[in-house]
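Input: a single structure, listed below in structure tokens.
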Amino acid sequence: MAGKLLIVGFGPGSAEHITKRAKDAIKESDTIIGYKTYVDLIRELMTDQKVVSTGMSEEVTRAQAAVRYAEQGRKVAVISSGDAGVYGMAGLIYEVLAEKGWRSNEGVEVEVIPGISAIQSCASLLGAPVMHDACTISLSDHLTPWPLIEKRLEAAGEADFVIALYNPKSGRRTRQIAEAQRILLQYRDSETPVGLVKSAYRNSEKVVITTLEKMLEHEIGMLTTVIIGNSSTFLHGDIMITPRGYQRKYTLGQEQQRLRPHERLRPENEPWALHEGKKEKVDNSLQQLAMEAIAAIDGKKTAERIQPPGMEMVFELAVSPGVAEKKFTPQQLLLLAELAGETGTIEYTPHHHLLVKLPGVDMNETTRLLLEAGLLLHPVGDVVQLKACDFCDGDKKDAIPYAEGIQERISGMAVPKELKIGFNGCGMACYGAVHEDIGLVFRKGKFDLFLGAKTVGRTAHSGQPVAEGIEPDEVVDMIAKIVDEYKQNAHPNERFYKYFKRAGEVYGFQHRDYAPVIQLEPAPCGE
């Protein structure tokens, strides 16, 4: 039975600004998925629901998990602060569904529940800065090319929009807000009012009113929304006001108006309008052009994808000489250099791969050339990666068939978080198999198995030895089943060692807290 996706916008985060429908949706769901900070903001509304929370920049894994749980019959609430349809999760959920061939009249049911967006909540704290035409522009160039963002800033500045800047600055993105100021100063007076609102209606709320010239003198971060007035925005004390234009027809300081109600829409009283104060005549040619445009759109295949202007497709993959082979031939390196050309990149990684990014190439033809050159190709991202040793340059070859068997069966498989299988061909384990998520060491004709190493961070540790003397003909199937169990049951973006600890066991192997617990202060990091 198909489940339901409830895409919930819960507003700025304060309880009084969450709509009743949003509260009801959270209560009636059996699974809640969201960014960790957002889950904490609504925790008082939760009961005993299954919670899947992930970190920043993990929106795709949350969307995929939400769709998967809904397809299993669950009622899933995907939460976003503000409005889910404004830089929130609504669009991404629909994109994931569309990729799976979903149709609105079949499959899982979807309900988008609106919330108060940041432009609205922040504007309410500033006065009335968006009373006239306004736009929102995100300064994050992680997904949108910066030249396109520049064009939007130029257009909004020239068109005199009130502008709300989302994601203005982070620990690593510091230039974008300065560039935005530079562009807008070409079209706005330096004294244009600007409102900076951090964490609207939350405990750490902070409101600053400044000017376009001086805005960078104040704290601006990822939790700040920047609202920049248009050419008519003015300050009244500490209130920003953007006139709607009523003063053109009305006398705001008098009860007796110059124009009577039946006179206010006459063309002669609106010389600024498109008709320039003259009576309009219907232009049939414009209507005809509109009809032709609609007909042209209807005639196109709706499934056809159009590449956004200024963007170029990039083929990204990892390559290696083979499972046990660690030496590239000169011909292979020349081919990679030729394919990369002037605009591609080749990056050496610590995983015995070269990470290759090739813009504007034919993927099928490129794949053919690389395979013909004897290279092993690997997908990148959250997939299974096999890191085998060189088997002492092939001298200790007894374990190579089993490494190749694992490579063929599960390497490249999509998993909740990148998973590395370390494989050493002798008891020396010099390639560090015990320091990977899953470690295999071939010793005395059989395998030792290590699980749950913490591969990164200040509390990194080796894997737990869980089995010795595993028969070689059992090892490929065992590793495949361990990975499949992790894939089926782990949370989105949950690393293997975290899953092993949370689940308590994997494939019957018990987790043990044998490593010392180290208390560390949280380390500051950027976006």
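None of the figures in this text is laboratory data; all of them are computed from the coordinates on show. Quantities reported herein were computed from a predicted structural model and do not represent experimental measurements. For neighbour counting, all protein chains shown are included, and Cβ atoms are generated from backbone atoms with ideal geometry for every residue, glycine included.
Nothing charged except the Cβ atoms of Lys and Arg (+1) and of Asp and Glu (-1): what's the magnitude of the dipole of region 1-154 about its Cα centre? Round to the nearest 20 debye.
Values: 16 positive and 20 negative charges, 70 e Å.
Computed charge dipole of region 1-154: roughly 340 debye.
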Q | Linear extension gain, GLU342 paired with ASP141, 0.36 nm per residue minus alpha-carbon span | A | 70.1 nm
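Taking a threshold of 32 Å on the Cα-Cα distance, which of the pairs LYS27/LYS487; LYS169/LYS249; LYS4/LYS169; LYS27/LYS481; LYS326/LYS417 fall above it?
Working: LYS27/LYS487 28 Å; LYS169/LYS249 41 Å; LYS4/LYS169 36 Å; LYS27/LYS481 36 Å; LYS326/LYS417 26 Å.
Violating the 32 Å Cα-Cα cut-off are LYS169/LYS249; LYS4/LYS169; LYS27/LYS481.
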Q. Got the relative contact order for region 134-195 handy, in percent, Cα pairs under 8 Å and 6 or more residues apart?
A. 40 percent
Q.
Counting only helical runs of four or more DSSP H residues, what would the 222 nm mean residue ellipticity of the chain come to if each run contributes -39,500 (n - 2.57) and the total is spread over all its residues?
A. -8500 deg cm²/dmol
Q.
Once R0 is set to 35 Å, what does the formula 1/(1 + (r/R0)^6) return for the Cβ-Cβ distance between TYR250 and GLU16, expressed as a FRET efficiency to the nearest 0.05?
A. 0.50
**Q.** Charge dipole (debye, nearest 20) of region 352-449; +1 at Cβ of Lys and Arg, -1 at Cβ of Asp and Glu
**A.** 300 debye
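For the chain, with only Lys/Arg (+1) and Asp/Glu (-1) charged at the beta-carbon, what is the dipole magnitude about the Cα centre, in debye rounded to 20? If you can, show how the numbers build up before the last one.
Numbers: 61 positive and 72 negative charges, 257 e Å.
It works out to roughly 1240 debye.
Below 8 Å between Cα atoms, with a sequence gap of 6+, how large is the relative contact order for region 1-74 in percent?
On the way: 78 pairs, mean separation 31.8, N = 74.
Reported relative contact order: 43 percent.
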Q: Taking 7 Å along the Cα-to-C-beta vector as the label spot, tell me the GLU468-ASP133 distance in nanometres, rounded to one decimal.
A: 7.7 nm
Q: Using the charge dipole of region 18-81 (Lys, Arg: +1 at Cβ; Asp, Glu: -1 at Cβ; taken about the Cα centre), state which of TYR69, SER81, ALA22 has its Cα farthest towards the positive end.
A: ALA22
Q.
Between LEU259 and CYS430, what's the calculated FRET efficiency when r is the beta-carbon distance and R0 is 60 Å? Round to 0.05.
A. 0.10
Q: For the chain, list log₁₀ I(q)/I(0) at each q in 0.07 Å⁻¹, using the Debye formula over Cα point scatterers of equal strength and ignoring solvent, two decimals each.
A: -0.57
Q: Could you tell me what % of all Cα pairs in region 1-158 have separations over 18 Å?
A: 61 percent
Q: Just subtract the alpha-carbon distance of ALA159 and LYS206 from 0.36 nm times their residue separation and send over the number in nm, one decimal.
A: 14.0 nm
Q. Once you sort the root eigenvalues of the Cα gyration tensor of region 387-444 as a ≥ b ≥ c, which label holds: rounded (a/c under 1.5), prolate (a/b larger than b/c) or oblate (the other case)?
A. oblate
Q) Around LEU354, with a cut-off of 13 angstrom between Cβ atoms, what is the net charge of the other residues, counting Lys and Arg +1 and Asp and Glu -1? A) +1
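Can you tell me the FRET efficiency between ARG182 and LEU369 if r is taken as the Cβ-Cβ distance and R0 is 41 Å, rounded to the nearest 0.05? Please report the intermediate quantities before stating the final value.
Values: r = 45 Å, r/R0 = 1.09.
According to the calculation, E is roughly 0.40.
Need the full-extension length gain, SER231 to ASP30, defined as separation in residues times 0.36 nm minus the C-alpha distance. One decimal, nm.
Values: separation 201, 0.36 × 201 = 72.36 nm, distance 4.92 nm.
Gain on stretching SER231 to ASP30: 67.4 nm.
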Q.
Using a 7 Å offset from Cα along Cα-Cβ at MET56, what residues in region 21-42 end up with backbone N under 14 Å from the label point?
A. 35-38
Q. What are the ³J(HN,Hα) values, in whole Hz, obtained from phi via the Karplus relation 6.51 cos²θ - 1.76 cosθ + 1.60 with θ = phi - 60°, for each residue of region 244-250 in sequence order, with x given for Gly and Pro?
A. 7, x, 4, 5, 5, 10, 10
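What does the charge count around ARG264 come to, taking other residues whose C-beta lies under 15 Å from its C-beta (Lys +1, Arg +1, Asp -1, Glu -1)? Don't skip to the end; give the middle numbers.
Numbers: positive: ARG244, ARG248, LYS249, ARG258, ARG260, ARG266; negative: GLU263, GLU268, GLU270.
Charge balance in the 15 Å sphere: +3.
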**Q.** Prolate/oblate/rounded call for region 398-481, Cα gyration tensor, a/c under 1.5 rounded
**A.** oblate
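Averaging sequence separations of C-alpha pairs under 8 Å and six or more residues apart, then dividing by the length of the chain, give the relative contact order as a whole percent. Mind showing how you got there, number by number?
Details: 933 pairs, mean separation 48.4, N = 527.
Relative contact order here is 9 percent.
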